[in-house]
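Throughout, read-outs are computed from the coordinates displayed, never taken from laboratory work. Not measured: the values here are computed from a predicted model. In this analysis, Cβ positions are derived from the backbone assuming ideal geometry, glycine residues included, and neighbour counts consider all displayed protein chains.
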Amino acid sequence: MVDVRTAVVIDEDAATRRLVAEVLGHSGLTVHGASRGAAGAELVTRHDPFVTTLELDLPDIDGLEVIRRIRQSSWTHVIVITGRAAEVDVLQALDAGADEVLGKPLQPRLLRARVDAIRRRAEYAPRLGAGGPGVSNEVLRHRGLELFPASRLVRVDGVPVDLSRSQFDILLHLLRAGARVVSKAELSRVLQEGRTLGPAAPHGGHAVEVHVANLRRRLGDSARRPRWIETVRAVGYRLARASERGGAAPQGRTHTIPLSVADVSPARASTGSPPPLSETRWRSV
C-alpha cells in the first residue's frame with residue numbers, strides 16, 4: 001500500500017536532490033534519495049512512496065526504464081523533473097507511466113503546490129467514498145464498466161481496475177459526456193485543470209492521445225473494436241454505443257450511459273453499495 005508519509009527522489013545531481021527533498025519535506029514527507037536509477041527503483045519497491053520524482057538522464061539506466069520498473073510494483077505518483085523538455089521526451093515519459101512532467105530549472109513553489117494539491121485530494125477522497133450526509137453516491141455505468149466519481153474507483157465486469165489520475169479524469173469526462181463527441185482540446189483542458197500536464201508539455205493534444213491509449217490498455221479495450229472508447233477521426237473521442245444496459249445498480253444515484261445525452265436520468269436502487277476502497281490499490285489523484 002502506498003505510504004502517504006514518504007517520497008523518493010531520484011536524480012544524479014546532489015543539489016537537485018537536496019532542493020527537491022527540502023520542498024517535499026516542507027509538505028510533511030520523509031524523503032529517500034538515490035543518485036542512480038536502479039537504486040531509486042529499489043527504494044520505491046521498498047517504501048512504496050506517495051510521490052516519486054526523477055530525472056530522465058541518469059548515469060546507469062534511462063529514466064524511462066526506471067518509470068517502467070516502478071510501475072511493475074507501485075502506483076506512486078511519478079513526477080518527472082528533467083532538462084529533457086522536448087515534446088517527444090514528455091510524451092515518452094507519460095507513455096512509460098509518469099503522471100506529470102516538470103522542466104528544469106525547477107520552480108520549488110510550483111512543485112510544492114502540486115504535491116500539496118495531491119495530498120489534499122488523497123485525504124479527501126476516502127471521506128467522499130465513505131458516504132454520509134451531503135456525499136454523492138453517484139455511479140456511472142456503461143457496458144459493464146462502473147465508475148464511482150466520489151471514491152474514484154473503477155470496475156470492469158465487477159473487477160476493480162487501477163487507473164492513474166489522468167486516466168480516471170479522462171474516463172469520467174467521457175462518461176459524463178454521454179454520446180457527445182469530446183475533442184482532444186477539451187480533454188487537454190480537463191488535464192490542465194487537474195494539473196496533469198506541466199509546463200514542459202505544451203502540446204496537450206498529443207499527450208491526450210498517449211493517456212487514452214494507456215487508458216484503453218488498462219481497461220482491456222481495443223481501438224479497432226471498441227467496447228467503451230471510440231475514436232472520432234480528426235476530432236476526438238466518444239463512448240462506443242451500448243448494445244444493452246447493465247443490471248441492478250448499486251445504491252445511490254446511477255447513470256446508465258445512453259445513446260443520446262437527453263436520455264441520461266438519475267435513478268435509485270434498493271440494494272447494493274459502492275465497493276470499499278480496500279478493493280483496489282488507490283492511486284494518488
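Apply 1/(1 + (r/R0)^6) to the Cβ-Cβ distance of R18 and V181, taking R0 = 51 Å, and write down the FRET efficiency to the nearest 0.05.
0.60
Can you sort V80, V88, V161 from fewest to most other Cβ atoms within 10 Å of each residue's own Cβ? Show your work: numbers first, answer last.
Values: V80 30, V88 9, V161 20.
Lowest to highest Cβ neighbour count: V88, V161, V80.
Could you compute Rg(Cα) / (2.2 N^0.38 Å) for the range 3-123, with N its residue count?
On the way: Rg = 12.7 Å, N = 121, 2.2 N^0.38 = 13.6 Å.
Normalised Rg, Cα atoms only: 0.93.
Could you put R109, R176 in order, starting from the residue whose Cβ has the fewest other Cβ atoms within 10 Å?
Values: R109 9, R176 17.
So the ranking, lowest neighbour count to highest, is R109, R176.
For L153, which sequence-distant residues (separation of 5 or more, or a different chain) have an amide H within less than 5 Å of its own amide H, given hydrogens modelled in the peptide plane?
The list, which skips near neighbours in sequence, is F148.
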